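The next block holds one structure in the form of structure tokens; read it before the comments.
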Amino acid sequence: MTVEIARHKGRPRTRDYIGYLIDGFEELKGDRLRADDPAIVGGLGWFRGRAVLVVGHQKGTTLDEQELHSWGMAKPEGYRKAQRLFALAERHGLPVLSFVDTPGAYPGVAAEEGGQARAIADTMLRMARLSVPVIATVIGEGGSGGALALAVADRVLMQENATYSVITPEGCAAILWRDAAFAPQAAEALKPTAAHLLELGVVERIVAEPRGGAHHNPEVAAASVAEAISEALAELDGIAPQERRRRRRERFRQLGQWFDPELPPGTLSLFGGYSTALR
Amino acid sequence: MNVTVEIERRDSDPVKPEWACPSCHQPARLADLRANLMVCPHCGFHLRIGARERIRQLVDEGTFRELWSNVLTLDPLKFTDLETYPERVREAQAKTGLNEAIVTGTAAVDGTQCVLAVMDFGFMGGSMGSVVGEKLWRSTELAAGEDLPLVAVCSSGGARMQEGILSLMQMAKTSCAVDLINEATSPFVTILADPCTGGVVASFATLADICIAEPGAQLYFTGPRVIAETTHEKLPQGFGSAERNLQLGHLDAVVARKDLRVRVGNYLRLLGGGEEPDRVTTTIGRERGKGGMGQTALERAKAFATYARRPFVRGDREAAGEAEEPAAREPSP
């Protein structure tokens, strides 16, 4: 099932996509406050001849790498690194390409006490403020707030077999079923698949993967991602900078489904005006 | 879980049972407890309170006007765990008497007109789904549009899992709402009440201009249980408490419940171009230049009346009069 492909250990990571998509990548480290978090990589490079900023969760492939990168689970210093890189991109007018691949934010004492909550919140706010084009691609596991922190984007792309969810199936089962063994049922109920997210308007586009998943042919997978990013970038180039910020805000404002009997008919639909059927 | 509701029900009972503080175990009469704003009279332990009680305590009497109370939850995922999502919502509605986990509207806090958003932990753990996000958005939009401050009381277990990815998106939505209110430079104050965790504390709750908490409130993104299960770390004394968060630099202040109204009122005046408290009560309503408190408050009141398409109940002349005698009010029966 999908969750397993999204978590496949051979699945291409952010660094792999940087290798395929970005020429002359210059990694930039550190949050300029106290540390560098290897769970988030970032830097400058050339995407099809154009200077861009790349930021993404890095999970690692071998066990040693995974340990070094904390399986892509970022700490406050990781999110603050992302924030200062966003500021760099904004200052120099560079588009931001982000890659999402994390089970969630790092669940440790030092991370909590170092301001994990505010670090995530602030990263979202700073992404919301950008006037440069922002494109996020979910390439593996999009786990909770830790993932969303890098995905407050103008366009959110999602690979066919990637998942994006408010909580892991295990975590959800432990809370609602009071037993983590119900993870398969939780995964079914949470509907974290690309097709469902497209239907809800959470992502704009599904990026096709080679048969069996991206790990079967990373190069082909990367070519599809590059094409989708390129098209999204071309679309966003046609929008004025402050208008991009306003529309990004409006994009997220529209996410959710509710019913308001008091709204005058015609102004908004019964289903919040933003139900997927009307998009 | 929701202590408030339980006690309120008993309160109407002619035979009032004794109450014992869960912290210091000392007994108290419920009437005394209520008069003390649901804070233990012996040890100062702050009990959780519902949104209605919070509003009664925090705002100037008779100034609260509720908005958007009929925005209702849908079931976008057709989610079923041990119960269906609509069943869980109905139970929460019956238990709390609220339609959703947040109550929004306008009010005066110690004489300053503001937009108010109050979360209720008793409603499905105060979890943030589409309705909470939408009402929060409308609150910021109103505050930004009318040049009013926004006060949010946050108490939540995090995202509403039953709405799946859409509940996660409310974190982004409310953060974008903060961008909106920041752009308009309307003051934004959050009060974090026990417990404030997960997706709420990692979005709008900690993005306010001023962020304060009640004593003893538990505040964290990842909880002690998950940390213990995943990283097996030993938790330091007082982990996640408001006091420790203050020490670590994550809060502006820890403020006792009885002081909230006056302190928040002062923040709003300091950030919103208001007057010092004692002068507000004497000059309000007088003819003053632009930016003066009295003039704009009236204009704001009129703007509200138009917005809500209903007559505005009271001006803040009366509300400001109350500024002289803060906090220690008798709770209404």
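FYI, it's all coordinate maths here, none of it is from the lab. The structure presented is a predicted model; accordingly, all values stated were derived computationally and were not measured. As a convention, Cβ positions derive from the backbone with ideal geometry for all residues, glycine included, and neighbour counts pool all protein chains shown.
Put the Cα centre of the stretch B:172-192 next to the Cα centre of the stretch A:7-55 and the gap is 31 Å.
Size of chain A: Rg and Dmax of its alpha carbons, in Å, are 18.4, 59.
In plain terms, the residue of A:LYS9, A:LYS81 with the fewest other Cβ atoms within 10 Å comes first and the most crowded comes last, giving A:LYS9, A:LYS81. Here B:ARG56 and A:ARG178 are evaluated by their C-beta separation; at R0 = 41 Å the FRET efficiency comes out at 0.70. Here the stretch B:128-272 is treated with +1 on each Lys and Arg Cβ and -1 on each Asp and Glu Cβ, and its dipole about the Cα centre works out to around 380 debye.
Both radii come from the Cα set of the stretch A:131-207: Rg as radius of gyration, Rh as Kirkwood radius; their ratio Rg/Rh reads 1.03.
For the stretch B:153-248, the C-alpha radius of gyration sits at 1.15 times the compact-globule guess of 2.2 N^0.38 Å, with N the residue count.
If each residue's Cβ is checked for other Cβ atoms within 10 Å, how do B:SER127, B:SER155 rank with the fewest at the top?
Numbers: B:SER127 24, B:SER155 29.
Taking fewest neighbouring Cβ atoms as first place, the list is B:SER127, B:SER155.
Considering only A:VAL96, A:VAL166, A:VAL203, the Gaussian network model of chain A with Cα springs below 10 Å gives its largest mean-square fluctuation to A:VAL166.
When the pairs A:LYS59/B:LYS135; B:LYS135/B:LYS234; B:LYS78/B:LYS258; A:LYS59/A:LYS191; A:LYS29/A:LYS191 are compared against a 32 Å limit on Cα-Cα distance, A:LYS59/B:LYS135; B:LYS135/B:LYS234; B:LYS78/B:LYS258; A:LYS29/A:LYS191 fall above it. Seen from a random direction on average, the alpha-carbon convex hull of the stretch A:108-166 projects onto 4.4 square nanometres. For the stretch B:189-228, the square roots a ≥ b ≥ c of the C-alpha gyration tensor eigenvalues yield an a/c of 1.5 or more together with a/b not exceeding b/c, which makes the shape oblate. Largest GNM mean-square fluctuation across A:LEU85, A:LEU97, A:LEU28, computed for chain A with C-alpha springs under 10 Å, falls on A:LEU28.
A cut-off of 5 Å between modelled amide H atoms, ignoring neighbours fewer than 5 places along the same chain, links A:PHE99 with A:VAL55, A:GLY56, A:HIS57, A:THR137. Going from the residue with the fewest nearby Cβ atoms within 10 Å to the one with the most, A:MET73, B:MET169 rank A:MET73, B:MET169. Backbone phi angles across the stretch B:134-140, fed through the Karplus curve with coefficients 6.51, -1.76 and 1.60 (θ = phi - 60°), yield HN-Hα couplings of 5, 5, 5, 4, 4, 5, 5 Hz in residue order; Gly and Pro are listed as x.
With the simple spin-label model, which puts each label point 7 Å out from Cα in the Cβ direction, the A:ALA51 to A:GLU188 separation comes to 5.3 nm. The string of couplings for the stretch A:134-144 from the Karplus curve (6.51, -1.76, 1.60, θ = phi - 60°) is 10, 10, 10, 10, 8, 10, x, 9, x, x, 6 Hz, one whole number per residue in order, with x for Gly and Pro. Give me the log10 of I(q) over I(0) for the stretch A:1-60 at q = 0.12, 0.20, 0.22, 0.24 Å⁻¹, as the Debye formula computes it from C-alpha points; what are the numbers? With no solvent term, the Cα-only Debye profile gives -0.36, -0.80, -0.89, -0.97. 3J(HN,Hα) along the stretch B:38-44: 6, 10, 4, x, 8, 10, x Hz, from the Karplus curve 6.51 cos²θ - 1.76 cosθ + 1.60 with θ = phi - 60°, whole Hz, x for Gly and Pro. The GNM of chain A, with springs linking C-alpha atoms under 10 angstrom apart, assigns the highest mean-square fluctuation among A:HIS57, A:HIS215, A:HIS196 to A:HIS196. When the alpha carbon gyration tensor of the stretch A:12-107 is reduced to an equivalent ellipsoid, the three semi-axes, largest first, read 21, 16, 10 Å. Above 17 Å, the calculated P(r) of the stretch A:186-228 contains 45 percent of its Cα-Cα pairs. Size descriptors for the stretch A:65-183: radius of gyration and Dmax over Cα atoms are 15.0, 50 Å. For B:LEU67, the amide hydrogen comes within under 5 Å of the amide hydrogens of B:THR104, B:GLY105, B:THR106, counting only partners 5 or more places away or on other chains and with H modelled in the peptide plane.
Near B:GLN218, the amide H atoms lying under 5 Å from its own belong to B:ASP194, B:CYS196; only residues 5 or more places off or on other chains count, and H is placed 1.01 Å from N.
Based on the alpha-carbon gyration tensor of the stretch B:60-216, what equivalent-ellipsoid semi-axes (square roots of 5 times the eigenvalues) come out, in whole Å, largest first? Don't jump to the answer; show the numbers that get you there.
Details: eigenvalues 126, 53, 42 Å².
Computed over the stretch B:60-216, the values are 25, 16, 15 Å.
Of the DSSP H helices in chain A, those with a Cα length along their own long axis of 15 Å or more and a mean Kyte-Doolittle hydropathy reaching 0.5 comprise A:218-237.
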